[in-house]
Amino acid sequence: QVQLVESGGGLVQAGGSLRLSCVASGRTFSNLRIGWFRQSPGKEREFVATISSTSGFYAESVKGRFAISRDNDKNTVYLQMNSLQPKDTAVYYCAASRSSYDVTQAKTYTYWGQGTQVTVSS
């Protein structure tokens, strides 16, 4: 069983930055793929970024603005979000998977955090 807790959300003006954190329980964190997804009211959950033990992968909508990283000693994955825009407003969720297939699909991820709200004002 893996438990995930996100933090770092908040209200920021357009052009600003936030760093989200996802802390995971468990002793096998380094073997887990961690993904970030987001969901706005009335919209489906959307892939943002994912990281394996070695590399990250991003949605086109955030490429060049967001950076995902991990610290296995702290069981933590970070999502650094720069140049934020109002369209980035959503609840952001981190999720964990032991699979390397369909990594942009929410169904691939078994464990989910409770989410953290990010609001970008214009």
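Note on the chain: GNM, Cα springs under 10 Å; of G35, G56, G64, the largest mean-square fluctuation is that of G64.
Here's how it looks for G115: its modeled amide H is under 5 Å from those of E6, C94, which are all 5 or more places away or on a different chain.
Can you give me the C-alpha center-to-center distance between region 24-59 and region 95-119, rounded to a whole angstrom? When both Cα centres are located, 5 Å separates them. With θ taken as phi - 60° and the Karplus curve 6.51 cos²θ - 1.76 cosθ + 1.60 applied, the whole-hertz 3J(HN,Hα) list for region 45-50 is 5, 10, 5, 10, 6, 8 Hz, x standing for glycine and proline. Only beta bridges with both residues in the chain are counted; by DSSP, about 90 percent of them are antiparallel. Just checking the listed ones, T108, T50, T28: in the Gaussian network model of the chain with Cα springs under 10 Å, the one fluctuating most is T28.
Please tell me the relative contact order of the chain in percent, rounded to the nearest whole number, where contacts are Cα pairs under 8 Å and at least six residues apart. Working shown, then result.
On the way: 300 pairs, mean separation 43.9, N = 122.
Relative CO of the chain lands at 36 percent.
Here the Karplus curve 6.51 cos²θ - 1.76 cosθ + 1.60, taken at θ = phi - 60°, turns the phi angles of region 23-40 into couplings of 9, 10, 8, x, 9, 10, 4, 5, 8, 8, 7, 10, x, 10, 10, 9, 9, 9 Hz, with x standing for Gly and Pro.
Magnitude of the Cβ-charge dipole of the chain, K/R +1 and D/E -1, about the Cα centre, nearest 20 debye?
Working: 13 positive and 8 negative charges, 19 e Å.
Value, rounded to 20: 80 debye.
At the residue level, L18 shows approximately 30 square angstrom of accessible surface with a 1.4 angstrom probe and all protein chains present.
For region 91-107, putting each phi into the Karplus relation 6.51 cos²θ - 1.76 cosθ + 1.60 with θ = phi - 60° gives couplings of 8, 9, 10, 9, 8, 10, 9, 9, 9, 10, 10, 6, 6, 8, 9, 4, 5 Hz, in residue order, rounded to whole numbers and with x for Gly and Pro. Largest GNM mean-square fluctuation among Y78, Y92, Y101, using the chain with Cα springs under 10 Å: Y101. For the set E60, E46, the ranking by accessible area, highest first and with no ligand, DNA or RNA atoms included, is E60, E46 under a 1.4 Å probe.
The amide H of A59, built 1.01 Å from its N in the peptide plane, has A49 as neighbours under 5 Å, considering only residues 5 or more places off or on other chains. The apolar share of the surface of the chain, taken as the fraction of accessible area on carbon and sulfur atoms (1.4 Å probe, ligands and nucleic acids excluded), comes to 46 percent. All C-alpha to C-alpha distances of the chain, sorted into 10 Å bins beginning at zero, yield P(r) values of 15, 51, 30, 5, 0 percent in whole numbers. Note on Y111: accessible area is roughly 40 Å² with a 1.4 Å probe, heavy atoms of protein only. The lysines whose alpha-carbon is closer than 21 Å to the alpha-carbon of K63, local same-chain residues fewer than 8 away aside, are K43, K87. Largest first, the residues D71, D88 sort by 1.4 Å accessible area into D71, D88.
The values are calculated or read from the model by the stated rules, or taken from the named source; none is laboratory data. Since the structure is predicted, the reported quantities are computational estimates derived from the model, not experimental observations. Here the Cβ is made from the backbone with ideal geometry for all residues, glycine too, and neighbour counts use every protein chain on show. Areas reflect the complete protein model, heavy atoms only, side chains present, ligands, DNA and RNA absent. Shrake-Rupley method; radii C 1.70, N 1.55, O 1.52, S 1.80 Å.
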